[in-house]
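The block underneath contains the structure these notes are about, expressed in structure tokens.
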Amino acid sequence: MQNTEKTGRTLIDGSRLMIEALARAGADAFIGYPITPANLLYLYGSQRMDLMLSAPDEITTLQWMAGLSATGKLPVTATSFPGYALMLESVNMAYMMELPMVIILVQRLGPATGTATCGAQGDLLLLHGSISGGHPMPVLATSGFEDCWKLAAKAAEVAVRLRTPVVLLTSKEEVMTQKSFDTSLLETIERVDRPWYSKTCCSYKSYKPGNLVPDFLPVIQKEHQVRLNASTHDQEGILQHSTTEAMENTRRLEEKVINRMNEYIIYEHDIQAGADTLIVAYGITASAARDAAASLRRKGKPTDLLVPASLLPIPAEYLDILGRYSKVVIAEENMNHQLATLLYGQQIPKNIQLVNKLGKMISPEEIIKEVLP
Amino acid sequence: MTGSMLKTQSLPYCKGCGHDLIAVHTTKALERLGYDPLDVIMVTDIGCHGIIDKCLNTHTVHGLHGRSAALGAGVFFGLEDTDKKVVVFIGDCGATIGLQHILEAARLNLDICVVVHNNMLYGMTGGQTSGLTPQGFRTTTSGEGNPLTAYDICQLTHTAGASYVARIAGIGDISADLEKAFSQKGFSLIEIMEICPSYGVKLNPGRKLKDVVKESGREFGEWLGNRQVFTHQQGKKNSDLLQQLQLIKKQFSHKLDDLQTIVISGSAGEGVQLSANLLAKAAMSTGLEVTQKGSYPVTVGVGFSTAEINLSPDSVNFHGISIPRIAIITSTDGLNHNRNRIQQMGSGTLYIDSSLTPPETSAKIISRDFRSMGARNASIYAMMYYIQESGVFDMEAIYHIMEMEGKSGKLPVEKIREALND
């Protein structure tokens, strides 16, 4: 972002940008409880959202959100691993009921309570396996303040368009660190419409798909009966064992997220003529990767950069891009290279170099060292 | 009456099951109260009670085991039309699992009604004991009778703040009791006692429902509360978060031509993060780009407090600082937290309180009695001393920011100014 006029220059954190962006995109309720390092998101949620409710625990948080979503609201929460772990069954419920919501997951050092005030990138594989059956849930990762703004709004849009929970993945350093920033350069955010099924001539089925996603009707109207169901169900929303119609419905949950990925594939591919090396990083490590790429270029080493924002489901484009380079360096703030595992499983190719670190941010120098050993 | 709530008279329950009775009389009560089926949101969860959904003409929301009270609460929060009715069905096992949800809804006095189907055991999973199984009642997992006292869900809910709580026997026409519960303003809970015909009756032959309840020390009755009913306005707020921010214009000048990495560290409660914030904003008023990162232990009021600040003429991507150019240390906590990286400083400057012994370092050491301004102001004083001593930017920038932030009256600015001029 080129800062020329600097008319809106201020000291700001990513939490503020996320909540404001979500509110402008149509999120109207923040439900949560205080947990480090999502504290600021909770604070701003209380100041910005039409409805802010302090839930007594994480399970209640997700249940309240699901109920609100069933009435047509678009709820948001923010948590970190300990809270997300408790929310998980209810996240599955919202996924199965097809209730839009945004969950901001602020990564911190684990396992368990770990260190609440230390950042990390250790939750990607947890998100990959969040939904029973291995079904994918959209996950967008912020890599800078512009992302905190744009991707938060995108998360709200994807949640509504696909009728699904969406996770906005970030980490402590992205939402708590303050930086000089010019807010006047932020793009306008359009409010996401949440259209309701409007036909009065025909019967409504809560899970009858149109372009893989069922039309939505809230439980507050009285034109049509709405049935929402967390158990295996048919198009009407009636509990079933494993009938053909019910299995088609379950398959559709996965298909809508994958087949409509083109609506939310977002990544930054910064290329330079002659580069045979690619640095890949997301989230907090992207800032180090950007500096590393810039430094290498200054040193005369052409280097490209891939910063994936759409992390789950993993877009096939990423493998295509990585396949074009003779050397790839993937940097992540964890000890088990979770993005690389997602991309390649246990068979990580020999030309893929890994930079991992636990409990500390990866520096540009550590990435450069791997590019120029 | 505006329409039948029940889609069919053929309900999916075992012969003699009280759930059948509850379903029939719930719908009867709602019809008598004049609700249209689509003004009712029936929230159920896992357990035999939850399979009623398909038989209803109301909206139905079928959730997770034990969570229907919380899910129903969420639906209620989204209602803006008070003519709607949220009815929550839950079993004794679900009520055990989701006890917190019920108590929270009662505490907030949400306008919903929870109908507890207490058939004294987990019917769907094989007749196991629940937290609401009466003491002495036999289940498949307590063959000699439940040795433990059950939760008194009515007393718990009443104490939590519910408008209306009742315990009744699931015998005969209970529609009037349900009608009363549904008519309440605020949170109501009605516990309907039954004996599961598949397990309870077989394992407790000859025992009568009312005797089981009485012998376990429970009584039938109703309990009233008078707590204020939740209103939606309680949570309403809406202010643009960007409008709250103070914009910082370039008014002063700086002398930096490259990145300056600064660590300020001291003890919690001694103004470390505040001094970093003022430094960052003052630097911005000279046109510099800044980042400010806080680091502290999980305990808020004790131990170290460290701030890392980057000042740069150019935009800053990576904001982590490994070895700083400038270290400002005002207490033992701060020194211990940064000792290693101070030792690794090959150049730069260490500003350190004179009470502390500097570690071995190649940095230039400036020792001064920063704590003479009081522990709470030590970090502020040291930060201002750094600005003046280094000449990194106009000293007026920091005074301007302190004024703009309303800190001039709260901090000993004049005293520090005098000390700096000494």
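Put simply, of A:THR250, A:THR170, A:THR232 the only residue that is more than 9 Å from chain B (Cβ to nearest Cβ), polar (S, T, N, Q) and within 19 Å of the chain's Cα centre (by Cα) is A:THR170.
Selection of region A:329-364 for residues being of a type in the set (D, E, K, R) and in contact (Cβ under 8 Å) with a residue 60 or more places away in the chain yields A:GLU332, A:GLU333. Within region B:264-296, take every residue that is more than 10 Å from every other protein chain (Cβ to nearest Cβ) and over 33 Å from the mean Cα position of the chain (by Cα) and give me the one that is surrounded by the fewest Cβ atoms within 10 Å (Cβ to Cβ). Checking each candidate, the answer is B:THR286. Restricting attention to region B:49-78 and to residues that are surrounded by fewer than 22 Cβ atoms within 10 Å (Cβ to Cβ) and closer than 25 Å to B:LEU103 by Cα, the residue that is farthest from the other protein chains (Cβ to nearest Cβ) turns out to be B:HIS65.
If I filter region A:48-61 for residues that are buried (at least 24 other Cβ atoms within 10 Å of the Cβ), under 30 Å from B:PHE304 (Cα atoms) and modelled with pLDDT of 95 or more, do I get at least one hit? Taking every residue of region A:48-61 in turn, none turns out to be buried (at least 24 other Cβ atoms within 10 Å of the Cβ), under 30 Å from B:PHE304 (Cα atoms) and modelled with pLDDT of 95 or more. For A:SER198, the test of being hydroxyl-bearing (Ser, Thr, Tyr), buried (at least 20 other Cβ atoms within 10 Å of the Cβ) and more than 9 Å from chain B (Cβ to nearest Cβ) is failed.
No other residue among B:LEU21, B:LEU33, B:LEU11 is buried (at least 19 other Cβ atoms within 10 Å of the Cβ) and either in contact (Cβ under 8 Å) with a residue 24 or more places away in the chain or within 14 Å of chain A (Cβ to nearest Cβ) (or both) apart from B:LEU21. Within region A:223-250, the residues that satisfy the criterion of being free of Cβ contacts under 8 Å to residues at least 24 places away in the same chain and among the acidic types (Asp, Glu) are A:GLU223, A:GLU245, A:GLU248. Of the residues making up region B:36-47, at least one is more than 7 Å from every other protein chain (Cβ to nearest Cβ) and over 30 Å from B:TYR199 (Cβ atoms). Kindly provide the set of residues from region B:80-96 that are at pLDDT 95 or above, surrounded by fewer than 24 Cβ atoms within 10 Å (Cβ to Cβ) and facing another protein chain (nearest Cβ under 10 Å), ordered by number. Passing the criteria: only B:LYS84. So if I check each of B:ASN340, B:ASN317, which one is in contact with a helix residue (DSSP H, G or I) (Cβ under 7 Å, 6 or more places away or on another chain) and within 14 Å of chain A (Cβ to nearest Cβ)? Only one candidate passes the filter, namely B:ASN317.
Could you look through region A:205-222, keep only residues that are more than 8 Å from every other protein chain (Cβ to nearest Cβ), modelled with pLDDT under 95 and at negative phi, and pick out the one that is surrounded by the fewest Cβ atoms within 10 Å (Cβ to Cβ)? Checking each candidate, the answer is A:GLY210. When A:ASN262, A:ASN356, A:ASN334 are screened for being more than 13 Å from chain B (Cβ to nearest Cβ) and surrounded by fewer than 18 Cβ atoms within 10 Å (Cβ to Cβ), only A:ASN262 passes.
Out of curiosity, is B:VAL87 under 14 Å from B:LEU178 (Cβ atoms), of a type in the set (A, V, I, L, M, F, W, C) and touching a Lys or Arg at 6+ places or on another chain (Cβ under 6 Å)? Spelling it out, it is not the case that B:VAL87 is under 14 Å from B:LEU178 (Cβ atoms), of a type in the set (A, V, I, L, M, F, W, C) and touching a Lys or Arg at 6+ places or on another chain (Cβ under 6 Å). Looking at region A:175-217, which of its residues are within 21 Å of A:GLU255 (Cβ to Cβ) and of a type in the set (D, E, K, R)? Those that are within 21 Å of A:GLU255 (Cβ to Cβ) and of a type in the set (D, E, K, R): A:LYS205, A:LYS208, A:ASP215. For region B:370-422, the tally of residues that are of a type outside the set (A, V, I, L, M, F, W, C) and in a helix (DSSP H, G or I) stands at 20. Against the condition farther than 30 Å from B:THR141 by Cβ, without any contact (Cβ under 8 Å) to a residue 60 or more places away in the chain and either in the same structural domain as B:PRO134 (by TED's automatic domain parsing) or not hydroxyl-bearing (Ser, Thr, Tyr) (or both), how does B:HIS65 come out, does it pass? For B:HIS65, the condition - farther than 30 Å from B:THR141 by Cβ, without any contact (Cβ under 8 Å) to a residue 60 or more places away in the chain and either in the same structural domain as B:PRO134 (by TED's automatic domain parsing) or not hydroxyl-bearing (Ser, Thr, Tyr) (or both) - is not met. When the helices (runs of 4 or more DSSP H) confined to region A:23-131 are screened for residues that are within 24 Å of A:ASP147 (Cβ to Cβ), of a type in the set (Phe, Trp, Tyr) and within 7 Å of chain B (Cβ to nearest Cβ), those reaching at least 1 such residues are found at A:39-48. Per the listing B:LYS249, B:LYS255, the residue uniquely free of Cβ contacts under 8 Å to residues at least 60 places away in the same chain and not acidic (Asp, Glu) is B:LYS249. Looking at this structure, is B:LEU350 buried (at least 23 other Cβ atoms within 10 Å of the Cβ) and either in contact (Cβ under 8 Å) with a residue 24 or more places away in the chain or over 23 Å from A:ALA288 (Cβ atoms) (or both)? Yes; evaluated as a whole, the condition is true for this residue. Just one of the listed residues (B:PRO313, B:PRO324, B:PRO358) is within 26 Å of A:GLY359 (Cα to Cα) and modelled with pLDDT of 95 or more, namely B:PRO324. Among the residues of region A:38-71, write down those that are under 26 Å from B:HIS65 (Cβ atoms), touching a residue at least 40 places away in the same chain (Cβ under 8 Å) and either outside the structural domain of A:THR113 (by TED's automatic domain parsing) or in contact with a Phe, Trp or Tyr (Cβ under 9 Å, 6 or more places away or on another chain) (or both). Answer for region A:38-71, where residues must be under 26 Å from B:HIS65 (Cβ atoms), touching a residue at least 40 places away in the same chain (Cβ under 8 Å) and either outside the structural domain of A:THR113 (by TED's automatic domain parsing) or in contact with a Phe, Trp or Tyr (Cβ under 9 Å, 6 or more places away or on another chain) (or both): just A:THR71.
The values are calculated or read from the model by the stated rules, or taken from the named source; none is laboratory data. Just so it is clear, the model here is predicted, and its values are computed rather than measured. Note: ideal-geometry Cβ built from the backbone for every residue, glycine included; neighbour counts use all protein chains shown.
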